[in-house]
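Worksheet: the structure to be examined is printed underneath.
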Amino acid sequence: LGAERRARLPPGEMGWPLVGGMWAFLRAFKSGKPDAFIASFVRRFGRTGVYRSFMFSSPTVLVTTAEGCKQVLMDDDAFVTGWPKATVALVGPRSFVAMPYDEHRRIRKLTAAPINGFDALTGYLPFIDRTVTSSLRAWADHGGSVEFLTELRRMTFKIIVQIFLGGADQATTRALERSYTELNYGMRAMAINLPGFAYRGALRARRRLVAVLQGVLDERRAARAKGVSGGGVDMMDRLIEAQDERGRRLDDDEIIDVLVMYLNAGHESSGHITMWATVFLQENPDMFARAKAEQEAIMRSIPSSQQGLTLRDFRKMEYLSQVIDETLRLVNISFVSFRQATRDVFVNGYLIPKGWKVQLWYRSVHMDPHVYPDPTKFDPSRWEGHSPRAGTFL
């Protein structure tokens, strides 16, 4: 970098050769004290909000403040996605984690409405309602204890497979679920591609997932060629049909990587957040009573002629929404994300050199007492009438 640029780097340390700060990073998370990693930088170098280290085989700047995260996320000229190569290999080179900005915007535009649009959500709600109800009954009828997170993951996976691959049979669903479980273990492990290591198993699981999804895709295309319709339209059908303003359609690799990414992100995050929300409500009986009373009031307001919940009912769940936001803040499933500097740029007065990776520590923002008073306390009421300023709720 040269003496002048080096002098303008954030405080920090590059750690051991090759390994860098990874041992300290993994030790903090394996110990159940994830905040210890950033806390060690704050303790040694002060509250500068940016620190340098060597992470995931790259020189890296860690950004831990709301203002810094906002700057990096909003500056598409100075920063591009910079996820580790190991993550890209698992999720897919044609998924959002590896796309250039223009392509990311194009694919997101093509896929947003089929997932979050009003018509899509209206269509999904009845199936979600039935699946949750039948799952609760099955757990109650079990007679003993159930492994709660495992059952929640199965339930959310059943829902998301229906949304994305509506016609998938049970064998396909089971094959996908097994492979996704193995893929997720690898996402949280060191990228060691040797027999016996989780990352090696995750690469194998990805190959199986691609094979299953390619098989479904081939069947859909063959049926379309013959003019055969499968009934309802799911996410895969919409991705096959999608075309941008230039008439460009998605190729098979793009469709498969988008599905791998969405299926993985959707069911894992939903399952874990539902588990933690349940745990927090169980630990806080007064909050549980308030959330339950709100649901009972909504149920009483539903006319007898209505079958199941509607989006109108869903939008009345104001306190439950606060519970969920507070769970997302406190648990923070996506605790960090990755960018890469395309040119020399300054954040909080410190230099991020061109080519360096940037880690945005969302969790540090959510646990900052200057942003959220008493941040370790589960307090849904902090969201009452509160609109978080940009960069503070990630």
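The values are calculated or read from the model by the stated rules, or taken from the named source; none is laboratory data. Not measured: the values here are computed from a predicted model. FYI the Cβ positions are ideal-geometry reconstructions off the backbone, even for glycines, and counts take in every protein chain you see. Quick note on the areas: whole protein, heavy atoms, side chains included, nothing else; ligands and nucleic acids left out. Shrake-Rupley method; radii C 1.70, N 1.55, O 1.52, S 1.80 Å.
Data for the structure
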{"quantity": "Residue satisfying condition, being among the aliphatic types (A, V, I, L, M), in contact with a Lys or Arg (Cβ under 9 Å, 6 or more places away or on another chain) and open to solvent by 50 Å² or more (accessible area, probe 1.4 Å), within set 3, 113", "calculated": "113"}
{"quantity": "Filtered residues of the range 296-313 (kept if assigned to a helix (DSSP H, G or I) and loosely packed, with under 15 Cβ neighbours inside 10 Å)", "calculated": "296, 297, 299, 300, 301, 311, 312"}
{"quantity": "Filtered residue count, the range 116-138, keeping only those that are under 23 Å from the mean Cα position of the chain (by Cα), surrounded by fewer than 13 Cβ atoms within 10 Å (Cβ to Cβ) and either aromatic (Phe, Trp, Tyr) or modelled with pLDDT of 90 or more (or both)", "calculated": "1"}
{"quantity": "Qualifying residue in the range 247-255 (condition: closer than 17 Å to residue 90 by Cα, over 15 Å from the mean Cα position of the chain (by Cα) and open to solvent by 50 Å² or more (accessible area, probe 1.4 Å))", "calculated": "yes"}
{"quantity": "Hey, residue 141 open to solvent by 40 Å² or more (accessible area, probe 1.4 Å) and modelled with pLDDT under 85 or not", "calculated": "no"}
{"quantity": "Residue in the range 6-37 that is farthest from residue 333 (Cα to Cα), counting only those that are modelled with pLDDT of 95 or more and crowded, with 17+ Cβ neighbours inside 10 Å", "calculated": "9"}
{"quantity": "Helices (runs of 4 or more DSSP H) (entirely within the range 1-115) containing at least 1 residues that are closer than 26 Å to residue 392 by Cα", "calculated": "22-30, 36-45, 66-74, 85-91"}
{"quantity": "Filter result for the condition that a residue is outside the structural domain of residue 84 (by the TED database), at pLDDT 85 or above, touching a Phe, Trp or Tyr at 6+ places or on another chain (Cβ under 8 Å) and closer than 30 Å to residue 56 by Cβ, over 205, 211", "calculated": "205"}
{"quantity": "Looking only at the range 154-186, and only at residues there that are in a helix (DSSP H, G or I) and among the acidic types (Asp, Glu), the one that is modelled with the highest pLDDT", "calculated": "182"}
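Residues are listed down the side, and each one gets a yes or a no for (1) without any contact (Cβ under 8 Å) to a residue 60 or more places away in the chain; (2) surrounded by fewer than 17 Cβ atoms within 10 Å (Cβ to Cβ); (3) not aliphatic (A, V, I, L, M):
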{"residue": "333", "(1), (2), (3)": "no, yes, no"}
{"residue": "347", "(1), (2), (3)": "no, no, no"}
{"residue": "354", "(1), (2), (3)": "yes, yes, yes"}
{"residue": "357", "(1), (2), (3)": "no, no, yes"}
{"residue": "384", "(1), (2), (3)": "no, yes, yes"}
